[in-house]
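What follows is a short report on a single structure.
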Amino acid sequence: MSKQDINRDQYCVFGNPIAHSKSPLIHAAFALQTGQALVYERRLAPLDGFALAARSFAAEGGKGANVTVPFKLDACALATALTPRARAAGAVNTLRFDGDTILGDNTDGAGLVADIVRNAGVCIAGKRVLLLGAGGAARGVILPLLEQGPQEIVIANRTVTTAEALVAQFADALAHPGQLRASGFTQLEGRFDIVINATSASLAGDLPPVPPGIFGSHTLALDMMYGAQPTVFMDFAAQHGAQVRDGLGMLVEQAAEAFYVWRGVRPQTQDLLAQLRGSL
């Protein structure tokens, strides 16, 4: 660390692997834009040693950290206080160290909502939303989506009982009965306004087995994964008339939300998103 860096607040991202993370680039851009004096680095934590790595970073004077795969559940267990959205997600991607308090937050859902509403210009209120998958990525975004007031959210999963268990967890957060329900992939009926792929199928070049009739010309189909090329899911949705979007905007927006949690300043994201898009 340079002498200049010693006077700056320290942040990092924990993961394993971590070399691929775009977070240092994103947060350096946010710091420059907002005039915040901070340093942000990647930290590789041992698979069985996240808690020690995070506590050590805090003891060194670290102010906060992002947490990526596979440590989001460990971070949730480490936190001494959780925000409502982190408690609902059951996972933490943002830690803030404040004396003896370790605040755990989850900005994934807020990032997704910001990308859909602000960047894509699609209102969620009153809409039919389809969430594909019932794992951690899906659970992490349900509460922020519900807070937007959709007509309904259908959680579709290969194993319907897993989706049903997720629906049961959010029973107290519903604005009206039936606002959140479970389904199998093949039992889906009618068109949806927003379809979100929260499965890991795109990583393997696969597609959740959904009927093409769920897409229409007014459907926004968003894959949480991103890359230089559209995912198989995005191609399939586009072939059936949908507007498509990948997960890069969600990545930038969840980072902006984490930056706000730490610094109380909300950075602009449009220019950075365009810059990252051009570098994929």
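Can you sort 41, 60 from fewest to most other Cβ atoms within 10 Å of each residue's own Cβ?
Final ranking by Cβ density, sparse to dense: 60, 41.
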- P(r) of segment 193-280 in 10 Å steps, Cα pairs, percent per bin? 17, 41, 29, 12, 1
- Solution diffusion estimate, µm²/s, Stokes-Einstein, segment 1-118, Kirkwood Rh from C-alpha pairs, 20 °C, viscosity 1.002 mPa s: 146
- Message: I need the fraction of alpha carbon pairs in the chain separated by more than 28 Å, rounded to a whole percent.
- Response: 36
- Task: Could you let me know the centre-to-centre spacing of segment 217-280 and segment 1-67, using Cα atoms, in angstrom?
- Result: 23
- So for R0 = 35 Å, FRET eff. of residue 279-residue 47 from the Cβ-Cβ r, to 0.05, ends up at 0.75
- Message: Per 0.36 nm of contour for each residue apart, how much would the distance between residue 172 and residue 268 grow if the chain were fully extended, relative to their Cα-Cα spacing?
- Response: 31.2 nm
- Message: Could you identify which residue out of 123, 12, 76 has the top mean-square fluctuation in a GNM of the chain using Cα springs shorter than 10 Å?
- Response: 123
- Task: With a length cut of 24 Å (Cα positions projected on each helix's long axis) and a Kyte-Doolittle mean of at least 0.0, go through the chain and give me the DSSP H helices that pass.
- Result: none
- Message: Just want to confirm a number: the relative contact order over the chain, from Cα pairs under 8 angstrom separated by 6+ residues, in percent.
- Response: 15
- Task: Provide the net charge surrounding residue 262, with neighbours chosen by a C-beta distance below 9 Å and charges set as Lys +1, Arg +1, Asp -1, Glu -1.
- Result: +2
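No value in this document is a laboratory result; all are computed from the given coordinates. Just so we're clear, the structure is a prediction, and the values are computed from it rather than from any experiment. Heads up, the Cβs are rebuilt from the backbone with ideal geometry, glycines too, and the neighbour counts pull from every protein chain shown.
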